[in-house]
Amino acid sequence: MSLTEQKILSDAKKRVAIVTGIPGVGKTTVLNKAADIARQDYTVEIVNYGSVMLETAVSSGFVESRDQMRQLPPEKQRKIQKIAAETIAKRTEQGKLLIVDTHMLIKTPEGYLAGLPDWVVTTLEPDVIVLVEAEPESIFSRRSKDESRLRDKDSTTEISTYQNLCRAAAIACSVLSGATVKIINNQEGMVDKTAEELAVVLRGVK
Ligand code: ATP
Ligand code: MG
């Protein structure tokens, strides 16, 4: 067997899980709890794609806060996105599961922007892509209550369309990268249950 074949078949691969969901669905909340479960067993690092993008955007003088980023011209967002993908890919390590907390689609004034376009998903090489979903009414109410962020005021119909489009984009990412796609429902008041379900998925790719 050639060295390349040995490398491809090796279990010592650098593992990457991408966790997505529309803004306010609860992915960061659920992911932090799932990572606490996972850490009892193996090494995990969570990286928030938006935070890495924000560091670049702030240091370039484009924005001052996170929620201003999706208002930037798509061309600027794509440039920042690419730099972030390369920065994050460098954090992968053998024996560690790198979990990327990100968005499948970003709602910009110019339309939906892919969070994981070809050049991002093939740079990150994920094993699994998780879609965290919830009832549109729950997301609407979570967004209204969350005062820590400047959240979009979408109707439940718009939230529903957004989630459906994210499913389509996730499958496109799977076709590009070979990653599996897992849908997890983050029911109202059930963060612990959702976190346990996510921990099982993460264990599967570890
Ligand atoms: P963003 O993409 O904007 O970062 P997010 O998906 O990471 O959003 P969080 O910040 O984790 O969302 O959660 C949004 C709000 O929803 C928070 O106030 C959180 O406490 C609440 N929340 C999360 N999960 C649930 C749940 N299962 N039931 C009720 N509230 C929840
Ligand atoms: Mg978040």
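Please give the residues of the stretch 78-112, grouped as numeric ranges, whose backbone N is less than 14 Å from a label point set 7 Å along the Cα-to-Cβ vector of R39.
Under cut-off, by backbone N: 97, 99.
What's the magnitude of the charge dipole for the stretch 1-136 around its Cα centre, counting Lys and Arg as +1 and Asp and Glu as -1 at the beta-carbon? Answer in Debye, nearest 20. Let's see the in-between values first.
Values: 17 positive and 18 negative charges, 48 e Å.
The dipole magnitude comes to about 240 debye.
Rounded, prolate or oblate: which fits the stretch 147-206 when a ≥ b ≥ c are the square roots of the eigenvalues of the alpha-carbon gyration tensor, with rounded for a/c under 1.5 and prolate only if a/b beats b/c? The partial results should precede the final answer.
Details: a/c = 2.33, a/b = 1.20, b/c = 1.93.
Note, shape of the stretch 147-206 comes out oblate.
Would you tell me the accessible area of M190, worked out with a 1.4 angstrom probe on the heavy atoms of the protein chains, in Å² to the nearest 10?
Its heavy atoms expose roughly 70 Å² to the probe.
What percent does the relative contact order of the stretch 51-168 come to when contacts are Cα pairs within less than 8 Å and at least six residues apart? Walk me through the intermediate numbers first.
Values: 82 pairs, mean separation 24.3, N = 118.
The normalised contact order for the stretch 51-168 reaches 21 percent.
Have a look at I183, N48, I22 and report the one farthest towards the positive end of the charge dipole of the chain, computed about the Cα centre with Cβ charges (Lys/Arg +1, Asp/Glu -1).
N48
Pulled fully out, how much extra length does the chain show between S155 and Q71, if you take 0.36 nm times their separation in residues and subtract their Cα-Cα distance? Don't skip to the answer; put the middle values down first.
Details: separation 84, 0.36 × 84 = 30.24 nm, distance 1.92 nm.
Length gained, S155 through Q71: 28.3 nm.
Using a 1.4 angstrom probe and counting only protein chains, how large is the accessible area of S177 in Å², to 10?
40
What are the residues whose amide H is under 5 Å from the amide H of V181, where those residues sit 5 or more places off or on another chain and H is modelled from the backbone?
For V181, the qualifying residues are I129.
Relative to the first principal axis of the alpha-carbon coordinates of the chain, what is the inclination of helix 74-89, with its axis defined by its Cα atoms, in degrees from 0 to 90 and to the nearest 10?
For 74-89 against the chain, the angle is about 30 degrees.
Decide, for the stretch 71-124, between rounded, prolate and oblate: order the square roots of the alpha carbon gyration tensor eigenvalues as a ≥ b ≥ c, take rounded if a/c falls under 1.5, and otherwise choose prolate if a/b is larger than b/c, else oblate. List each step's numbers first, then the result.
Working: a/c = 2.86, a/b = 2.17, b/c = 1.32.
Taking the square roots of the gyration eigenvalues as a ≥ b ≥ c, the stretch 71-124 is prolate.
Could you list which residues have their amide H under 5 Å from that of N186, counting only those 5 or more apart in sequence or on another chain, with H placed in the peptide plane?
E133, A134
So what is the 222 nm mean residue ellipticity for the chain from helices alone, if each DSSP H run of at least 4 adds -39500 (n - 2.57) and you divide by all residues, rounding to the nearest 500 deg cm²/dmol?
On the way: 8 runs with 101 residues, N = 206.
My calculation for the chain gives -15500 deg cm²/dmol from helical runs alone.
Kindly provide the Kirkwood hydrodynamic radius of the stretch 71-168 in Å, to one decimal, from all pairs of distinct alpha carbon atoms.
One over the average 1/r among Cα pairs gives 15.3 Å for the stretch 71-168.
State the dimensionless ratio Rg/Rh of the chain (Rg: radius of gyration of Cα atoms; Rh: Kirkwood radius).
On the way: Rg = 16.9 Å, Rh = 17.5 Å.
The Rg/Rh ratio comes out at 0.96.
How far is helix 27-39 tilted, in degrees, relative to the longest principal axis of the Cα atoms in the chain, given as a value from 0 to 90 rounded to the nearest 10?
Taking the Cα atoms of the chain, the angle to 27-39 is about 30 degrees.
Give the percent of DSSP beta bridges with both residues in the stretch 9-162 that are antiparallel, rounded to the nearest 5. Don't jump to the answer; show the numbers that get you there.
Numbers: 4 of 19 bridges.
Percent antiparallel among DSSP bridges in the stretch 9-162 is about 20.
Enumerate the amide H contacts of T43 below 5 Å, restricted to partners 5 or more residues apart or on another chain; note that Pro and chain-start residues carry no placed amide H.
Those lying under 5 Å, H to H, from T43 are L97.
Once ligands and nucleic acids are excluded and a 1.4 Å probe is used, how much of F62 is accessible, expressed in Å² to the nearest 10?
90
So, in nm, how far is label S144 from label T108 when the simple model puts each one 7 Å beyond its Cα toward the Cβ?
Using points 7 Å along Cα→Cβ, the separation is 3.1 nm.
By average Cβ neighbour count within 10 Å, what is the ranking of 27-34, 90-97 from highest down?
Details: 27-34: 21.1, 90-97: 14.0.
Packing proxy ranking, top to bottom: 27-34, 90-97.
Give a quick list of GluC sites (Glu not before Pro) in the stretch 105-206 that DSSP marks as loop, anything other than H, G, I, E or B, with at most 15 other Cβ atoms within 10 Å.
Passing sites in the stretch 105-206 are E110, E147, E188.
Residue by residue through the stretch 134-141, which ³J(HN,Hα) values in whole Hz follow from phi under the Karplus form 6.51 cos²θ - 1.76 cosθ + 1.60 (θ = phi - 60°), with glycine and proline marked x?
7, 4, x, 5, 5, 5, 4, 6
Output ³J(HN,Hα) for the stretch 187-196: one whole-Hz value per residue in order, computed from phi by the Karplus curve 6.51 cos²θ - 1.76 cosθ + 1.60 with θ = phi - 60°, and x for Gly and Pro.
Result, ordered by residue: 5, 3, x, 10, 4, 4, 5, 5, 5, 5 Hz.
Return a whole-number percent for the relative contact order of the chain, with Cα pairs under 8 Å and 6 or more residues apart as the contact set. Working shown, then result.
Numbers: 311 pairs, mean separation 65.6, N = 206.
Result for the chain is 32 percent.
The values are calculated or read from the model by the stated rules, or taken from the named source; none is laboratory data. The structure presented is a predicted model; accordingly, all values stated were derived computationally and were not measured. When we count neighbours, we look across all protein chains shown, and the Cβ atoms used for this are built from the backbone with ideal geometry, even at glycine. Quick note on the areas: whole protein, heavy atoms, side chains included, nothing else; ligands and nucleic acids left out. Shrake-Rupley method; radii C 1.70, N 1.55, O 1.52, S 1.80 Å.
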